Structures are given as C-alpha cells and as structure tokens.
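Just so it is clear, none of the values below were taken in a lab; they were calculated from the coordinates. Every value quoted in this text rests on a predicted model; they were computed, and no experiment measured them.
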Amino acid sequence: MADWQIPETAPKDRTILADFVWPWAVVARWSVYANEWVVAAIQDNVCEGLPDPYWITESEGELLGWMELPEVLRG
C-alpha cells in the first residue's frame, strides 16, 4: 500500500482516501462552498424496529495525510 502524502499536496478536485484523527481511513472530498474537507460517514438508525443504516456527509477538521483511492474504487 502507498504511503500517506502530506496534507498540502491533497487534490481538491477529486475524492481521496484521507487520514484525520480516527483510527481508520475515510473517503473525503474538498467542499469549495464550505472551504473544508467532508467525509462520508455511516450512521445507524432503527426504523419500525429494524436496523436502517444510512450515509451522511460530515465536515472534518485537519487533514493529517492522504492517498489516492485504490483503483477499484475510482469512478
């Protein structure tokens, strides 16, 4: 696997794999409107007694490192 790149070189025109403060990497993209990184985060919910997970986007803090998405995830 590739090494983490320094935050200053992160491309702001495409989706990347990002390192923030979490113990796992997340998919992230730069929001020009909000002027910050946003990540895809899964949320758990219960609807009518059944599990109902869904995705939301969250603003994130300081980017610690980044790398390109694996080829299989690029689209």
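Global dimensions of the range 7-68 from alpha-carbon coordinates: Rg and Dmax equal 13.6, 46 Å.
Build a GNM of the chain with springs between Cα atoms under 10 Å apart, and of Glu62, Glu36, Glu48 the one that fluctuates most is Glu48.
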